[in-house]
Amino acid sequence: MGQAQHARARSIDFPGGRLPLDQFTPRHVKPADWLRFKHSMAEIFAAFGMNLETAGTERTPERFLKALYDATAGYEGDHNLLTSFPTECLCDDDCLVSQIIEGPISFHSLCEHHSLPFYGFAYIGYIAHERIIGISKLTRLVHMFSRRFTAQERLGEQIADALVELIEPHGVAVHLQAVHLCTQMRGVREQGSKTVTTFWRGRYSDVADLRREFLAELAHRDH
């Protein structure tokens with residue numbers, strides 16, 4: 001059985017259906033395609049002014065492709081996310097557990113508009129019901145979706161929705177703050193600005209006190 005098939009065989013069904021993120025599918029670029037991509041990048045770099053005949057630049061096209069491949073590894077998924085644990089809540093819709101808040105979790109992404117990096121920190125909060133997830137899995141969740149060509153708005157939505165699907169908590173909060181190089185290296189070239197986005201699910205959408213508690217904890221951690 002191939003690696004991708006083996007990983008899919010180990011995937012599981014969560015309540016509410018099968019998750020796209022429970023499939024681990026390694027990408028494969030054929031050697032002939034990789035060579036063609038490398039030649040194309042060499043042509044582009046040379047056209048833009050790079051001298052590819054120095055000791056420091058002769059392998060730059062290949063290094064660039066490898067770096068881009070590594071930076072987009074999130075498309076492969078992460079089967080290590082498929083671990084959760086029971087709480088003390090036993091099928092009681094009113095059983096509430098205190099907020100679990102993790103962060104800052106650093107992330108780096110590539111903006112799908114210009115393929116330039118944006119990077120920053122994510123904070124995740126959730127109120128468990130019958131299942132909890134390992135703290136390290138929250139970092140894995142952020143990294144899986146951030147290592148793609150994406151937009152900050154979509155990144156937050158994907159993290160929040162995936163956590164809802166994984167453990168069906170009472171509520172989820174995701175807060176992202178990032179610096180976008182597409183606004184600093186080109187266009188208006190603004191310096192020092194951050195883009196902040198926050199996403200609410202479940203009880204967080206309905207209960208203002210939960211939102212305030214979450215944001216107050218984030219403000220405390222920022223200092």
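Set the Förster distance to 30 Å, then compute FRET efficiency between T87 and D222 from the Cβ-Cβ distance, nearest 0.05. Calculated value: 0.55.
State the extension gain, in nm to one decimal, for the chain segment bounded by R186 and L35, taking 0.36 nm per residue of separation less the distance between their alpha-carbons.
On the way: separation 151, 0.36 × 151 = 54.36 nm, distance 3.01 nm.
In short, 51.4 nm is gained.
Take the Cβ atoms of S98 and V179, set R0 to 35 Å, and the FRET efficiency comes out at 0.65. The stretch between E62 and S106, if pulled fully straight at 0.36 nm per residue, gains 13.2 nm over its current Cα-Cα span. One decimal place: the segment D209-A46 gains 53.0 nm when fully extended, by the rule 0.36 nm per residue minus the C-alpha distance.
Go ahead and run the numbers for FRET between T25 and V196, Cβ-Cβ distance against an R0 of 22 Å, rounding to 0.05.
Details: r = 33 Å, r/R0 = 1.49.
The calculated FRET efficiency here is 0.10.
The magnitude of the dipole of the range 89-185, with charges of +1 and -1 set on the Cβ of Lys/Arg and Asp/Glu and taken from the Cα centre, is near 600 debye. Its alpha carbons give the range 42-182 an Rg and a Dmax of 19.4, 68 Å. All other residues whose Cβ lies under 11 angstrom from that of D161 are scored, Lys and Arg at +1 and Asp and Glu at -1, for a net of 0. The phi-based Karplus calculation (6.51 cos²θ - 1.76 cosθ + 1.60; θ = phi - 60°) puts the 3J(HN,Hα) values of the range 30-46 at 5, x, 5, 5, 4, 5, 5, 4, 5, 5, 5, 5, 4, 5, 5, 4, 5 Hz, whole numbers, x for Gly and Pro.
Gyration tensor analysis over the Cα atoms of the range 98-139 returns equivalent ellipsoid semi-axes of 28, 10, 8 Å (largest first, whole Å). Each of L155, G202, A173 was placed along the dipole of the range 154-223 (beta-carbon charges, centred on the mean Cα), and the one lying farthest toward the positive end is L155.
Just so you know, all these numbers are worked out from the coordinates, no wet-lab data involved. Computed from a predicted structure; not experimentally measured. Because the Cβ atoms are built from the backbone with ideal geometry, glycine has one as well, and the counts that use them run over all protein chains shown.
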